[in-house]
Amino acid sequence: MPAVRAGLAEQLGRLPAQESGAQDLVDLVLGLPGELSPADRAQLLQRLVLSTVGFTGVTLEWVVMLGIQHGYDTPAVRQEHIHRLVREVLRLYPTAWRLIRVAAADHDIAGSPVREGEHVLIGTHAIHRSAAVWDRPLDFRPSRWEQPTDDQRRSYLPFGKGEGMCPANGFAVKALEHLSHLILHGYRGHVRLRTRRPHVRTLLAPPAGWTRLTPAPPPDR
């Protein structure tokens, strides 16, 4: 990552800022006001690319793959179906599988003392699969989002909570729902997976395998 950032900084240092409207993320970063060094702008660009392309792209792969496996790739699929599908995918496979926060004051968490300044690790992946909150938590059931309980709403953390919530919360979900509906409505799919389980790194990546999409045949007239 440092090597990639250094390369971005070198390239950004050679590019002029656009005088009118940004056409892409590079233009956006170069056009930001203030005394930002090429290294600062490179770090920001790196984080923007990871957030908009990395996390959202991985989740879109999960949505399409599971949508195909569970019969959502049909012209009859509606927007409300996709809404519940995306929420269930983000429950079972949150790309931010853990969150880290710094305690602002001394307090207790479930009886465990936490001191000001200590780092708290929040296991999003584990909370989303807790049997204390979710009925049959390991099952893929988008229908559970028709009437979620208050406890489930509080325990749903794919983008975090509070002041540290990911700013992509609104845009990313709408983009995922829109793109997923276009793909599953307009294409028929086939999925073949290997037996290797998903691996956890910075992102929770899909399992190894492939998804094939073919355009849906035109409706009969």
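A few notes on this one:
- Taken over region 12-23, the criterion of being part of a helix (DSSP H, G or I) and of a type outside the set (A, V, I, L, M) is satisfied by Gly13, Arg14.
- Region 35-74, residues that are under 18 Å from Val173 (Cβ atoms) and polar (S, T, N, Q): Ser51, Thr52, Thr56, Thr59
- Contact map, region 173-190: first residue of a type in the set (Lys, Arg), second residue assigned to a helix (DSSP H, G or I) and surrounded by fewer than 17 Cβ atoms within 10 Å (Cβ to Cβ), Cβ cut-off under 6 Å, separation 6 or more or different chains; the map is empty.
- Within region 117-127, the set of residues being of a type outside the set (A, V, I, L, M, F, W, C) and either at pLDDT 95 or above or in a helix (DSSP H, G or I) (or both) comprises Thr124, His125.
Table: residues versus (1) under 19 Å from Arg91 (Cα atoms); (2) of a type in the set (D, E, K, R); (3) modelled with pLDDT of 75 or more; (4) out of contact with any Cys (no Cβ under 8 Å at 6 or more places or on another chain).
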position: Phe159; (1), (2), (3), (4): yes, no, yes, no
position: Met165; (1), (2), (3), (4): yes, no, yes, yes
position: Phe171; (1), (2), (3), (4): yes, no, yes, yes
position: Ala175; (1), (2), (3), (4): yes, no, yes, yes
position: Leu182; (1), (2), (3), (4): no, no, yes, yes
position: Val191; (1), (2), (3), (4): no, no, yes, yes
position: Thr211; (1), (2), (3), (4): no, no, yes, yes
position: Thr214; (1), (2), (3), (4): no, no, yes, yes
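- Among the conditions (1) small (Gly, Ala, Ser); (2) loosely packed, with under 14 Cβ neighbours inside 10 Å; (3) not in a loop (DSSP other than H, G, I, E, B), the only one that Ala9 does not satisfy is (2).
The values are calculated or read from the model by the stated rules, or taken from the named source; none is laboratory data. Nothing here was measured: the structure is a model prediction, and the numbers come from that model. Please note: Cβ atoms are built from the backbone with ideal geometry, for glycine as well, and neighbour counts cover all protein chains shown.
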